[in-house]
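Below you'll find the structure, written out as structure tokens, and then a few comments.
The values are calculated or read from the model by the stated rules, or taken from the named source; none is laboratory data. Source: prediction; values computed, not measured. Glycine gets a Cβ as well: all are built from the backbone with ideal geometry, and neighbour counts include every protein chain shown. Surface accessibility is based on the protein's heavy atoms, side chains included, excluding ligands, DNA and RNA. Shrake-Rupley method; radii C 1.70, N 1.55, O 1.52, S 1.80 Å.
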Amino acid sequence: MSNQVNRPLTLRDVSEASGVSEMTVSRVLRNRGDVSDATRARVLASAKELGYVPNKIAGALASSRVNLVAVIIPSLSNLVFPEVLTGINDALDDTGLQPVVGVTGYSREKEEKVLYEMLSWRPSGVIIAGLEHSEASRAMLKASGIPVVEIMDVDGTPVDSVVGISHRRAGEKMANAILRAGYQRIGFLGTKMPRDHRARKRFEGFTDALAKGGVEIADQEFYEGGSALVKGREMTQDILKRDPELDFLYYSNDMIGAGGLLWLLEQGVEIPGQMGLAGFNGLNLLKGLPRELATMDACRNEIGRRAAEIIAARLHGDADHSPVRVALEPTISYGDTLRRP
């Protein structure tokens, strides 16, 4: 729809789409007055399809925006997104814009609700993690009339601007480094991937690159839940009980990788000769381990900073409103757990 890019939707748009008067649309959306179930359903369906979000700012402010930037992320329980938020906050520090955070728990349904609520307060921009959203969320983002920056991932089609890394490329790079180092029996340990799309893409890139090198994943261990050290210990123990001949373990994140590393050191395993390990995220917290875990920097702080800079720049009156694509290149840190080629 042409009106979705430059102008926010109004009650009139919903009225025209549903064939119902603006007054009735208003009653339905405010859940006031006597409206038939059929009419209510028609109005709500039209509003959802258009991506219309009611404006909660009353009175003279109703047509304006507040100096908030909605930041929608899947989790605060691991250490990845706080670093992203630090980058966003640093970039917005002198702009008069204030980030406000919503957490989705990797759920599309929750993301829809959080996005709906945040957009109803008419923020000046949206920074949202990932490229995979429900149809309703994509419609709301397209119809918002404000700058939208999707972050963390560039493997897909963005609504507007995007800042991140290619997770498929990250998986490929790690696979090639492992193969060059001479490891052959490789196990993968990570989250079940239906909801964590970025971990899934890394896994796909990883297995594709291994296949091109004539190697298949020898075994894999999946889990659900948070990325805890204890989870990494348990998973490492389980996968090696099944296949003691594995010579490399690739973890979907550094936290479970660190748990695996600590368990292997307790067992007296010689690293990286007898067993190699690598994680993902480049967490500074883990630099104090007895061995430094091989990993890949996910450019988290820079992703947050660059996304916030795009929002701030787009709000200037003479700004270029063309979508921006920023693909950052993650780098491998070999640490003490991956033989250098």
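Where Rh denotes the Kirkwood radius from the mean inverse Cα pair distance, what is Rg over Rh for segment 89-246? Don't jump to the answer; show the numbers that get you there.
On the way: Rg = 19.3 Å, Rh = 18.1 Å.
Taking Rg over the Kirkwood Rh, I get 1.07.
How would 212, 241, 231 line up by accessible area, probe 1.4 Å, largest first? Don't skip to the end; give the middle numbers.
Values: 212 180, 241 150, 231 55 Å².
Most to least solvent-accessible, the answer reads 212, 241, 231.
Can you list residues whose amide H is under 5 Å from residue 122's amide H, if they're 5+ apart or on another chain and H is modeled 1.01 Å from N?
It is 56, by chain and number.
Please list, ordered by chain and number, the residues whose modelled amide H lies under 5 Å from the amide H of residue 276; skip anything fewer than 5 residues away on the same chain.
Result for residue 276 returns 248, 249.
Take the solvent-accessible surface of the protein heavy atoms, probe 1.4 Å, and return the percent of it on the chain that carbon and sulfur atoms account for.
Details: 7590 of 15530 Å².
Roughly 49 percent of what the probe reaches on the chain is carbon or sulfur.
Roughly how many Å² is the accessible area per residue of the chain, as a whole number, for a 1.4 Å probe?
Numbers: 15530 Å² over 341 residues.
With the other protein chains kept in place, the chain gives 46 Å² per residue.
Could you give me the radius of gyration and the Dmax of the chain, taking only the C-alpha atoms into account and expressing both in angstrom?
23.4, 75
Test of understanding: what is the full-extension gain from residue 16 to residue 241, defined as 0.36 nm times their sequence separation minus their Cα-Cα distance? Write out the running numbers ahead of the final one.
Working: separation 225, 0.36 × 225 = 81.00 nm, distance 6.39 nm.
Result for the pair: 74.6 nm of gain on full extension.
Taking a quarter of the surface of the Cα convex hull of segment 16-138, what do you get in nm²? Let's see the in-between values first.
On the way: hull surface 36.2 nm².
The orientation-averaged projected area of the Cα hull of segment 16-138 comes to 9.1 nm².
Any number yet on Rg/Rh for segment 146-211, C-alpha, Kirkwood? It would help to have the intermediate numbers written out before the result.
On the way: Rg = 14.0 Å, Rh = 13.0 Å.
Here the Rg-to-Rh quotient is 1.08.
Could you sort 126-135, 103-112, 265-274 so that the peptide with the highest average Cβ count within 10 Å comes first and the rest follow in order? Spell out each step's value before the answer.
Details: 126-135: 21.2, 103-112: 17.0, 265-274: 12.6.
Listed from highest to lowest mean packing, they are 126-135, 103-112, 265-274.
Restricted to Cα positions, what overall size does segment 83-131 have along the principal axes? Three whole-Å values, descending.
Here the spans come out as 34, 25, 15 Å, largest first.
Along the positive direction of the dipole of the chain (beta-carbon charges: Lys, Arg +1; Asp, Glu -1; about the Cα centre), which of 39, 170, 143 reaches farthest?
Comparing the listed Cα positions along the dipole, 39 ranks first.
Could you size up the charge dipole of the chain around its Cα centre, putting +1 on the beta carbon of Lys and Arg and -1 on that of Asp and Glu, and report it in debye to the nearest 20?
Values: 41 positive and 44 negative charges, 133 e Å.
Result for the chain is approximately 640 debye, rounded to the nearest 20.
Roughly how many Å is it from the Cα centre of segment 183-244 to that of segment 269-287, as a whole number?
14
Taking the Cβ of residue 199 as the center, what net charge do the other residues with Cβ under 11 Å away carry, scoring Lys and Arg +1 and Asp and Glu -1?
Working: positive: 192, 195, 198, 200, 201, 202; negative: 153, 196, 204.
Local net charge: +3.
Can you give me the relative contact order of the chain as a percent, contacts being Cα pairs under 8 Å and 6 or more apart? List each step's numbers first, then the result.
Values: 675 pairs, mean separation 61.5, N = 341.
Computed value for the chain: 18 percent relative contact order.
List the residues, sorted by chain then number, that are 5 or more residues from residue 127 or on another chain and whose placed amide H is less than 5 Å from its amide H.
70, 71, 72, 149
A 19 angstrom limit on the alpha carbon distance is what I want to check against. Which of 192/231; 173/212; 142/201; 48/113; 48/110; 48/192 exceed it? Spell out each step's value before the answer.
Working: 192/231 13 Å; 173/212 12 Å; 142/201 25 Å; 48/113 12 Å; 48/110 15 Å; 48/192 30 Å.
Check vs 19 Å cut-off fails for 142/201; 48/192.
Using a 1.4 angstrom probe on the protein heavy atoms only, could you order 138, 27 from most to least accessible area? Provide the component values of the computation, followed by the final result.
Working: 138 45, 27 80 Å².
Per-residue accessible area, sorted high to low, gives 27, 138.
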